[in-house]
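*Asks:* Here's a structure for you.
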Amino acid sequence: MPAHATGANPYADTEDQAALRQLARDVAERELAPMARHGDETEEFPQWAWDGMRKAELFGITIGERWGGAGLGDIEAAIVLEELARADVSSAILAQLIFNGPPRAIEHLGNDAMKDRWLPIAASGEGLFCIGISETEAGSAVGHMRARLRPDGDGFRLNAYKNYVTGGHKARACLVWCRFPDSAGTKGIGAVVVDLESPGVTVAGTHVKMGLRATSEAELAFDDVRVEPDDVLLWGDPANSESFKTLISHINHERCGNAAMCVGAAQGALEYAVNYMNERKLGDKTLADLQGLQWKIADMATQLEGARLLMQRAVHMAGPHGTPPALETAMAKTAANLAAKFVCDEAIQLLGGYGFSREYPVERVYRDIRGLCIGAGTVEIQRNFVGTSVLRGATPASDGWKSRRA
Ligand SMILES: Cc1cc2nc3c(=O)[nH]c(=O)nc-3n(C[C@H](O)[C@H](O)[C@H](O)COP(=O)(O)OP(=O)(O)OC[C@H]3O[C@@H](n4cnc5c(N)ncnc54)[C@H](O)[C@@H]3O)c2cc1C
């Protein structure tokens, strides 16, 4: 019998997934939540969170067993990211970089030497990884990037200046998108993995930001950095854009992780507002007794649940070892970014003056998720993709769309 006829939620956690969720929630509440304000105020790297996640062996969940991981997929990554972000988005981003950043790309697209070199470091939590795509003059317009390789014996030399690299100041290695020799536009764009201890790599600075303050975004300069043949993740052929397309579609893992963090962060803000409303007295009533405010909660919960379902659909469609589909992922990221913005904004309003105070967590969550609406492809870029896809006749995977077109 199909799931919808049984009354069951098709995306409900299995027993193992529920146990993983509980583990992540325990780590989040014990290690992340008590220090989240400190990280935000001081901009100190959340070593406490890193150590807690490492001790619980969370970093290896999406990495193959051969390299010390658990070999799980996007569903489990999303579960853990939701729970971590419910407590602290700055810390959750560290797990996002391991689950859905360079290690995932290395395992799916890299050569054996690269996998053996880097994946055990990622799975054990021995080192952080970062991703360098954006440049000062090539963010959304990524095809204009200037990072380039020049031939050097059997390998290459990399010259690049990458901007807004999350965790770049602390990471052990960086996945750098760059042009192979003689390329233009999106043709010939490929990617290499660079050991950040290599000669020629410098952290040129870190951005001063409104949110996600415990995890810095760095500017990384690569000055004639040697790239061995084994460091090439994906060769860029100047005759076509195939490697670029592969890299772009692989970002869907990161977009789903971004959506999961937004869902988790908004869930935390909603729960905080509900508890506050039940306790906050106005004479002989509580805030929860006021119908106008109940409607706010209704809208917050409804938008959040819609976003959660879209995110869950995208990660379930990836299967255990695949990549989430582009259209469903773009819809999920858009919905989750917008739901998180709405829910966190309303949570501030529901707390009144206290919502605006840095002594209460909801304003921090609002500032944190604001960055997630820009990173991993802005809301506008997701909308461009969804809009043009639907106008061309693409249909997301749901029965209603299929029967309309039949
Ligand atoms: C918290 C955070 C973390 C990040 N982490 C990383 C990272 O780890 N690695 C990395 O490489 N980059 C990272 N980035 C950079 C991010 O990917 C870019 O900021 C983003 O792609 C937008 O590029 P931009 O900042 O140059 O803005 P621009 O591309 O200049 O865009 C400016 C505005 O115009 C809109 N816009 C641009 N083009 C279009 C269009 N065609 N149609 C409609 N609207 C458009 C954008 O949506 C945006 O609102 C991060 C950013 C943030 C905020």
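*Asks:* Relative to the longest principal Cα axis of the chain, at what angle does helix 362-372 sit, 0 to 90 degrees, rounded to 10?
*Replies:* Around 30 degrees separate the two axes.
*Asks:* Relative to the longest principal axis of the C-alpha atoms of the chain, give the angle of the C-alpha long axis of helix 291-318, reported between 0 and 90° and rounded to the nearest 10°.
*Replies:* For helix 291-318, the angle is close to 30 degrees.
*Asks:* So which lysines can LYS341 reach, going by Cα to Cα under 25 Å and dropping same-chain residues fewer than 8 places off?
*Replies:* LYS209, LYS296, LYS333
*Asks:* Can I ask one more? If I take every Cα pair under 8 Å that is 6 or more residues apart in the range 1-149, average their sequence separation and divide by the length, what percent do I get for the relative contact order?
*Replies:* Values: 167 pairs, mean separation 32.0, N = 149.
Reported relative contact order: 21 percent.
*Asks:* Hey, what do the phi angles of the range 170-178 turn into as Karplus ³J(HN,Hα) couplings, whole Hz, using 6.51/-1.76/1.60 and θ = phi - 60°, x for Gly and Pro?
*Replies:* Using θ = phi - 60°, the values come out as 10, 6, 8, 8, 10, 8, 10, 7, 7 Hz.
*Asks:* For the chain, with every protein chain kept in place, what is the accessible area per residue (1.4 Å probe, Å²)?
*Replies:* On the way: 17830 Å² over 406 residues.
Value for the chain: 44 Å² per residue.
*Asks:* Under a 5 Å amide H to amide H cut-off, with H placed in plane at 1.01 Å, what residues pair with VAL201 once short-range neighbours are removed?
*Replies:* Under 5 Å from the amide H of VAL201 lie the amide H atoms of ASP223, each far enough along the sequence or on another chain.
*Asks:* Carbon and sulfur atoms: what percent of the 1.4 Å accessible area of the chain do they account for?
*Replies:* Values: 9140 of 17830 Å².
Carbon and sulfur atoms account for 51 percent of the accessible area of the chain.
*Asks:* Mind listing the phi-derived Karplus ³J(HN,Hα) values for the range 119-130, rounded to whole Hz, using 6.51, -1.76 and 1.60 with θ = phi - 60°, and x for any glycine or proline?
*Replies:* 5, x, 5, 5, 5, 7, x, 6, x, 8, 10, 9
*Asks:* Any chance you could give the angle, 0 to 90 degrees and rounded to 10, that helix 15-27 forms with the longest Cα principal axis of the chain?
*Replies:* The two axes meet at around 90 degrees.
*Asks:* Moving to a separate point now. At q = 0.09 Å⁻¹, what is the log10 ratio I(q)/I(0) for the chain, with the Debye formula run over Cα points and no solvent?
*Replies:* Log-scaled intensity ratios, in q order: -0.54.
*Asks:* Between LYS245, LYS170, LYS285, find the one with the highest GNM mean-square fluctuation for the chain; connect C-alpha pairs within less than 10 Å.
*Replies:* Its mean-square fluctuation being the largest, the pick is LYS285.
*Asks:* Pick from SER389, SER140, SER90: which residue has the top mean-square fluctuation in a GNM of the chain where Cα pairs under 10 Å get a spring?
*Replies:* SER389
*Asks:* Could you put PHE356, PHE222, PHE45 in order of accessible surface area, largest first, with the 1.4 Å probe and the full protein assembly present? Could you put the intermediate results ahead of the total?
*Replies:* Values: PHE356 170, PHE222 5, PHE45 30 Å².
Reading off the accessible areas and sorting them downward yields PHE356, PHE45, PHE222.
*Asks:* Please give me the summed charge of the neighbours of THR202: other residues whose Cβ is under 11 Å from its Cβ, Lys and Arg +1, Asp and Glu -1.
*Replies:* Working: positive: none; negative: GLU219, ASP223.
Its environment carries a net charge of -2.
The values are calculated or read from the model by the stated rules, or taken from the named source; none is laboratory data. Quick caveat: nothing in here was measured; it's all calculated off a predicted structure. Positions of Cβ are backbone-derived with ideal geometry, glycine not excepted, and every protein chain shown enters the neighbour counts. The protein model used for the area step is the full one, side chains on, heavy atoms only, and it has no ligands, DNA or RNA in it. Shrake-Rupley method; radii C 1.70, N 1.55, O 1.52, S 1.80 Å.
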